[in-house]
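Read the structure below first, then the notes.
Rule-based calculations on the coordinates, nothing more; no lab input. Predicted, not measured: the structure shown is a model, and the values here were computed from it. Every residue, glycine among them, receives a Cβ derived from its backbone with ideal geometry; neighbour counts consider all protein chains shown.
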Amino acid sequence: MERQLVAVGIMVFNSKSEFLMLKYRNLEFWALPGGAMEKDETVIGCLHRELREELGEVQVEVLGIAVARSFICDGLPAVSLIFLGNYLGGEIILSDEHDAYRWIHITEVEKGELPHPYDIDIFQKAVKLYPLLAQV
């Protein structure tokens, strides 16, 4: 069976309709919290591990998947799952991998003014879906 890369990311929203992005150390590259799934790890287990590694012991309620994308990475099939979540509290303590974070208001998505490597439509879909998942 051919190996497949699975990556997870999460748009963590606060009570001000802002979501969290992290800046990679020594790069002008911003990303959502997340990363690649390890062998013998579940998708949700990976998501929680990445949150702990990148943000410390913050409390995040995972609401569901907003966007799933398939692509080819280094010649292997890959899938990226972007989740939505609510920030419930705790101090954000960044890993050595990142040197800054910022909360981005959803209106910046509408304007297309994001510091990101992603396609803007990923954020647009997630922002539209968030109110629905937050009510469930």
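A few points about this structure:
- From the list Glu41, Glu28, Glu91, the one residue that fits, being more than 16 Å from the chain's Cα centre (by Cα), surrounded by 13 or more Cβ atoms within 10 Å (Cβ to Cβ) and in a loop (DSSP other than H, G, I, E, B), is Glu41.
- For the stretch 28-71, the set of residues classified as over 16 Å from Asp96 (Cβ atoms) and acidic (Asp, Glu) consists of Glu28, Glu38, Asp40, Glu41, Glu57, Glu61, listed by residue number.
- Checking Cys46 against (1) crowded, with 16+ Cβ neighbours inside 10 Å; (2) in a strand (DSSP E or B), the condition it does not meet: (2)
- Single match in Gly89, Gly64 (criterion: out of contact with any Lys or Arg (no Cβ under 8 Å at 6 or more places or on another chain), free of Cβ contacts under 8 Å to residues at least 40 places away in the same chain and of a type in the set (Gly, Ala, Ser)): Gly89
- Filtered residue count, the stretch 21-36, keeping only those that are farther than 11 Å from Leu81 by Cα and touching a helix residue (DSSP H, G or I) at 6+ places or on another chain (Cβ under 8 Å): 2
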